[in-house]
Amino acid sequence: MLLIAYGISFICALLLIAALFLYFRKRFRARVVSLFMLAAFFFLGAYTVKMAVAFWIRFTSASGGAAVYATLKSTAWAVAQVGTTAGLLVLTVLMYSKGQDIFVSLPRKGKKHDADA
């Protein structure tokens, strides 16, 4: 049952990342990006890595001589968890500070601003 839940979560996260990638492609061309959506993209990326590591841990077994391999799995899980937690923290701060409508304007490359001329 747990593997089915992991699988559904992993597929949904991948689909959301694909949709957000298309969103960001349009927004980067427009040179304005929502900070909340950027944080959501970061969180989903970290969550997807976490689900991939969960599958890796679940479907492989470390034998007695594979201490380095087990440590690598543990480290990958810890990094993915820290990324997921950081993403959730940023999303929570933005939501409760009413910052979900903050947009970041990206400068254009190669063009000078009126103040520089």
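A short reminder: the numbers here are calculations on the coordinates, not readings from a lab. Here the structure is a predicted model, which means the values were calculated and not measured. All Cβ positions, even for glycine, are placed from backbone atoms using ideal geometry, and neighbour counts span all protein chains on display.
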| query | From the list [x] 39; [y] 29; [z] 13, can you say which value of percent of Cα pairs over 26 Å apart was derived from the structure given? | reply | [x]
| So if R0 is 25 Å, what FRET efficiency would Ile4 and Gln81 give, r being the distance between their Cβ atoms, rounded to the nearest 0.05? | 0.70
| message | If amide hydrogens are placed 1.01 Å from N in the peptide plane, which non-local residues have theirs closer than 5 Å to the one on Ile102? | response | Leu35, Phe36
